[in-house]
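**Q** I'd like to ask you about the structure that follows.
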Amino acid sequence: MTLLSCLDVSCFCNIGNDRSVFDFVNDFIYTGMLKEGQFHGIGELSMANGDVYKGSFEYGEKSGFGRYHW
């Protein structure tokens, strides 16, 4: 995912401990850590079709260890 912008996100909530929740207008939901406006660190990305990726992100991309459920 690229840099986040206000146009991409319908809801944002900082839940503390470096974790945030983004509910995208295209039915993606990301819960996790951010760095410089990008997914970075440990997080969970839920997609509109029900698929879920839980794992590591690096500068907006899935990276390292993670689990993809479909």
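The values are calculated or read from the model by the stated rules, or taken from the named source; none is laboratory data. All figures in this text were calculated on a predicted structure; none of them were measured in a lab. Note: ideal-geometry Cβ built from the backbone for every residue, glycine included; neighbour counts use all protein chains shown. The accessibility values were calculated without ligands, DNA or RNA, using every heavy atom of the protein model including side chains. Shrake-Rupley method; radii C 1.70, N 1.55, O 1.52, S 1.80 Å.
**Q** Once ligands and nucleic acids are excluded and a 1.4 Å probe is used, how much of Y68 is accessible, expressed in Å² to the nearest 10?
**A** The accessible area comes out at roughly 90 Å².
**Q** Okay, moving on. Add +1 for every Lys or Arg and -1 for every Asp or Glu among the other residues with Cβ under 10 Å from the Cβ of G60, and state the total.
**A** Residues close to G60 contribute a combined charge of -1.
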